[in-house]
Amino acid sequence: MLVLLSLVSFRPLRAAENTTNILFIYVEDLGYYTSERSARESNAQIAGLATPHMDSFAAQSVNFTRAFCGQSVCSPSKGAVLSGLLPHANGIWRNVHNDHPKLGGPDKWIPLPQPLITQNDPTFLAAGGMHEDIPNLIQRLKAGGVYCALSGKLHVQPARNFPYDAFVKDDDLDSVIKAAGTKPWFFWCNPGATHAPWWQHVKGKLTDPKNRNSAPKDVDPAALHMPRWLPDTPAARIDLAHYYSCVRTVDEFLGMMLAKLEASGQAERTIVVFTGDHGIGYARGKTSIYPAGTHVPLFIKGPGVKVGRTIGTPVSQMDLNPTFLEAFGLTAIKNTHAKSLWPILSGKVDAVPGRRTIMTETNNSLMSAPPNKGDGTAARAVCDGRFYFIRNIVQQKTTLPESQAINIGTGNGEYGDPGPLYAIDLHDEAVRHKSDQPLPYELLRQLCMGDAPPEELYDLDADPWAVKNLINDPAHAATLGLMRKEFADWQQFSHDSGIHPKQIPRRTKK
């Protein structure tokens, strides 16, 4: 059982130290799709996408090229940052939505009411939430005198335990700075332009505004290189072009926010962190254990950061928890799985001291496969910066025949299936073209049937989208042995019992 966490005594910020701010741009469903990556990794097959603001910011930052989220779905990804713990250990292992049956959405209850009483508490734990004996980042920042603002979704529970000062629009940096006054501020900014349905975000850029399946004006489908795990068809290219157009929208947003920060006069004392919560919303991306879902961009710039460096050591977004606390002069929380990135950011080292690999995970099934309900799969992966080892611990299998399990045209969900809302055709295109493009179909089939190999090993340098399993390759036997050992060490360190976390009772404060 996970050892209960406690706070280290911390030193509150003194007025003379109230000089550091953090702008944390945390984009929904933004995998590592940038033109700077394309220039560096031609085999990543990211072509036809221009991201000038991301590229420029990456060049002026510390660019972590092997950064991974805690889990490739929204709430668990956030929970890992907030707790410094992997999702199976902190209690948020699946999405826990903002909606409350009586109190409504976030605009009605953020900031939290003061005083917080039973009648106005928006906490809704039907889907679970973080164990309440775990201290979280927002509690620590607030106790240390930091003004905390959030845009987008809270998307974590219990809501009462994440006491942001304000809930603002994505681009409302000016109001955050004004409201903070003389306090240091932390703005967790959640732009959602890359979250499906992509076509809705690019309606103003479609070549035919009346046809949501038409190409966007700013991304040419013919210029794309389809990554190998995706089907390469005209319809699939348009889907990916929609996503790339959304990435371009995020790129413009980043440029605008950096310009606002500069105009505010606070750029010199503000740390800017740019990342995505997880990867693209498609099979083998969002909700999966594969790098298309877990691998994210991570660029960090600001006071005390030795910039202009590209770092390939594996890091996790949960490492941002102690990194942020240290930036504000606050002591890290005890007994987390995370390590501060400041030894790297300061330029002292190029690897996280005392750590060779990072772990990421999933506890979700493929959402658009009809027999799957979203919480019957558990998998873990460890990465050493090059090799990516997967252990499929629990797979949600189906007794349906393949033709039904890999349904076509179900309208069932966002992750690749062309429902009336999302209109993403990648799932069905993989099924339609299983004869002439067998690889995307086979990879989709494994997810729908729940029969992926028990173990998988990929060389991300040669195979960034993890489609060539090296688990039985004698040439990689030694690497496999080392990665199995790292996996076992992570399981022991993170108190990962090998059961699905839905079977672990949520802990509450007494």
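Conditions (1) among the β-branched types (Val, Ile, Thr); (2) touching a residue at least 40 places away in the same chain (Cβ under 8 Å); (3) in a loop (DSSP other than H, G, I, E, B), marked per residue:
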{"residue": "53", "(1), (2), (3)": "no, yes, no"}
{"residue": "98", "(1), (2), (3)": "no, yes, yes"}
{"residue": "103", "(1), (2), (3)": "no, no, yes"}
{"residue": "122", "(1), (2), (3)": "no, no, yes"}
{"residue": "157", "(1), (2), (3)": "no, yes, yes"}
Every listed condition ((1) outside any helix (DSSP H, G or I); (2) modelled with pLDDT of 95 or more; (3) of a type in the set (Lys, Arg)) holds for residue 212 save (2)
If I filter region 250-300 down to residues being closer than 29 Å to residue 424 by Cα and of a type in the set (Ser, Thr, Tyr), which single residue comes out as surrounded by the fewest Cβ atoms within 10 Å (Cβ to Cβ)? 275
Spot the failing condition for residue 171; the list is (1) in a loop (DSSP other than H, G, I, E, B); (2) buried (at least 22 other Cβ atoms within 10 Å of the Cβ), and only one is missed. (2)
Every residue in region 446-495 that is in contact with a Phe, Trp or Tyr (Cβ under 8 Å, 6 or more places away or on another chain), crowded, with 16+ Cβ neighbours inside 10 Å and within 23 Å of residue 376 (Cβ to Cβ), please. 455, 456, 466, 487
Are any residues in region 107-123 among the acidic types (Asp, Glu) and under 17 Å from residue 166 (Cβ atoms), and if so, which ones? 107
Of (1) farther than 25 Å from residue 29 by Cβ; (2) of a type in the set (Phe, Trp, Tyr); (3) in contact (Cβ under 8 Å) with a residue 40 or more places away in the chain, residue 324 satisfies all except one. Which? (1)
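Assess whether residue 26 counts as being touching a Cys at 6+ places or on another chain (Cβ under 8 Å) and at pLDDT 95 or above.
On the way: touching a Cys at 6+ places or on another chain (Cβ under 8 Å): yes; at pLDDT 95 or above: yes.
Yes.
So that you can scan it fast, the table gives a plain yes or no per residue for (1) of a type in the set (A, V, I, L, M); (2) touching a Pro at 6+ places or on another chain (Cβ under 9 Å):
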| residue | (1), (2) |
| --- | --- |
| 214 | no, no |
| 220 | no, no |
| 223 | yes, no |
| 228 | no, yes |
| 243 | no, no |
| 250 | yes, yes |
Of the criteria (1) touching an Asp or Glu at 6+ places or on another chain (Cβ under 8 Å); (2) in a loop (DSSP other than H, G, I, E, B); (3) crowded, with 22+ Cβ neighbours inside 10 Å, which one residue 340 fails: (3)
Please find, among 241, 149, the residue that is buried (at least 21 other Cβ atoms within 10 Å of the Cβ) and assigned to a helix (DSSP H, G or I). 241
Has region 421-432 got any residue that is modelled with pLDDT of 90 or more, part of a loop (DSSP other than H, G, I, E, B) and either over 26 Å from residue 87 (Cβ atoms) or in contact with a strand residue (DSSP E or B) (Cβ under 9 Å, 6 or more places away or on another chain) (or both)? no
What about residue 115, is it assigned to a loop (DSSP other than H, G, I, E, B), buried (at least 18 other Cβ atoms within 10 Å of the Cβ) and free of Cβ contacts under 8 Å to residues at least 60 places away in the same chain? no
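Being part of a loop (DSSP other than H, G, I, E, B), free of Cβ contacts under 8 Å to residues at least 60 places away in the same chain and not assigned by TED's automatic domain parsing to the domain that holds residue 440: is that true of residue 353 here?
Values: part of a loop (DSSP other than H, G, I, E, B): yes; free of Cβ contacts under 8 Å to residues at least 60 places away in the same chain: yes; not assigned by TED's automatic domain parsing to the domain that holds residue 440: yes.
Judged against the criteria, residue 353 is a match.
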Of all the residues that make up region 195-225, how many are over 19 Å from residue 28 (Cβ atoms), out of contact with any Gly (no Cβ under 9 Å at 6 or more places or on another chain) and buried (at least 20 other Cβ atoms within 10 Å of the Cβ)? 1
Flagged pairs (Cβ under 6 angstrom, 6 or more apart or on separate chains; first in region 300-319, assigned to a strand (DSSP E or B); second aromatic (Phe, Trp, Tyr)) are 311/64; 315/64; 316/68
Candidates 126, 179 - the one that is hydrophobic (A, V, I, L, M, F, W, C), at pLDDT 95 or above and either farther than 27 Å from residue 380 by Cα or assigned to a loop (DSSP other than H, G, I, E, B) (or both): 179
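Out of the residues in region 195-213 that are of a type in the set (A, V, I, L, M) and without any contact (Cβ under 8 Å) to a residue 60 or more places away in the chain, which is nearest to residue 286 (Cα to Cα)? Break it down into steps so the answer makes sense when it comes.
Step one: list which residues in region 195-213 are of a type in the set (A, V, I, L, M), which gives 196, 202, 206.
So of that shortlist, the ones also without any contact (Cβ under 8 Å) to a residue 60 or more places away in the chain come out as 202, 206.
Numbers: 202: 20, 206: 25 Å.
So, considering only residues that are of a type in the set (A, V, I, L, M) and without any contact (Cβ under 8 Å) to a residue 60 or more places away in the chain, the one nearest to residue 286 (Cα to Cα) is 202.
The values are calculated or read from the model by the stated rules, or taken from the named source; none is laboratory data. Everything quoted here is computed from the prediction, not taken from an experiment. As a convention, Cβ positions derive from the backbone with ideal geometry for all residues, glycine included, and neighbour counts pool all protein chains shown.
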